[in-house]
Amino acid sequence: MNRTRLLTTMAVFVAIGTMGAQLLWFPAGVAKAYPVQHAVNVMAAVTLGPIPAVIIAFMIGLLRNLLGLGTLLAFPGGMVGAFLAGYLYQKLGRKAWAAVGEVVGTGVIGALFAVPFANVLMGSAVGALFFLPSFLVSSISGAVIGWLVVIKIRQDQLFHSVRRVS
C-alpha cells in the first residue's frame with residue numbers, strides 16, 4: 001500500500017476517534033464509556049493491521065489528553081485492545097475475532113494494566129478489579145459498533161485499497 005494512503009487513512013481514523021469521543025459517550029460505573037475509540041480500534045485493526053491500529057490508538061489518546069478531552073487511562077486500554085484486535089484478525093481472518101480482541105485487550109487486559117498505571121501516573125490506589133466493569137462496558141459497546149461497521153462495508157473496494165502493510 002502507498003505510504004501516503006496509509007498515513008491519510010490513519011489520520012482519518014485518529015480524527016474520528018478523537019472527535020467522535022465527544023459526540024458519543026455515556027456513564028459507565030466509575031468512568032465514562034467512549035465507544036467510538038473501541039469502534040475505531042476494530043475498524044483500524046481489520047483494515048490496517050495491528051501496528052497501525054496501535055499507533056492510531058496512541059494518537060487518539062494523546063490528542064484527547066492534550067485537548068483535555070480524556071484521561072491517561074486511554075493509553076493502556078486503547079493500545080492493548082487495538083493490538084489484540086489486529087493480531088487476532090490477522091491470525092484468524094474473521095472480523096468477529098477483531099471485536100473479541102478489542103474486548104479482551106481493552107476490557108480485561110487494559111483494565112488490569114490501568115491499575116499500576118493509575119497508581120504511578122495518577123496517584124490513585126485502587127484494587128485489581130476496579131476498572132474492569134467500566135472498561136468492559138465501554139469496550140463491548142464500541143467493539144460491537146466497530147464490528148457492525150466492518151461487516152457492512154463491502155471489502156472489494158475499501159478494504160483492498162487500504163490493506164495492511166506488513
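No lab work stands behind these numbers, since they all come straight from the coordinates. Everything numeric in this text was worked out from a predicted model, so none of it was measured. Virtual Cβ from ideal backbone geometry, glycine too; neighbours counted across all protein chains shown.
Amide H contacts under 5 Å for residue 33: 26, 28, restricted to partners 5 or more places along the chain or on a different chain, H placed in the peptide plane at 1.01 Å from N.
Between residue 32 and residue 149, the FRET efficiency from the beta-carbon distance, with R0 = 30 Å, is close to 0.90.
Each of 131, 90, 14 was placed along the dipole of segment 3-161 (beta-carbon charges, centred on the mean Cα), and the one lying farthest toward the positive end is 90. Over what distance in Å are the Cα centres of segment 1-40 and segment 55-106 separated? Measuring centre to centre over Cα atoms gives 9 Å.
Couplings 3J(HN,Hα) for segment 89-97, derived from phi with the Karplus relation 6.51 cos²θ - 1.76 cosθ + 1.60 (θ = phi - 60°), are 5, 5, 7, 9, x, 10, 4, 4, 5 Hz, where x marks Gly and Pro.
Straight-distance candidates among the lysines for linking to residue 32, with alpha-carbon spacing under 16 Å and chain neighbours fewer than 8 residues away dropped, are absent. Between residue 22 and residue 96, the distance separating the two model label sites (each 7 Å from Cα on the Cα→Cβ line) works out to 3.8 nm. When you restrict to C-alpha pairs under 8 Å that are six or more residues apart and normalise by the size of segment 3-161, the relative contact order lands at 26 percent.
Peptides 91-99, 34-42, 61-69 ordered by packing proxy, namely the average of other Cβ atoms within 10 Å per residue, highest first: 34-42, 91-99, 61-69.
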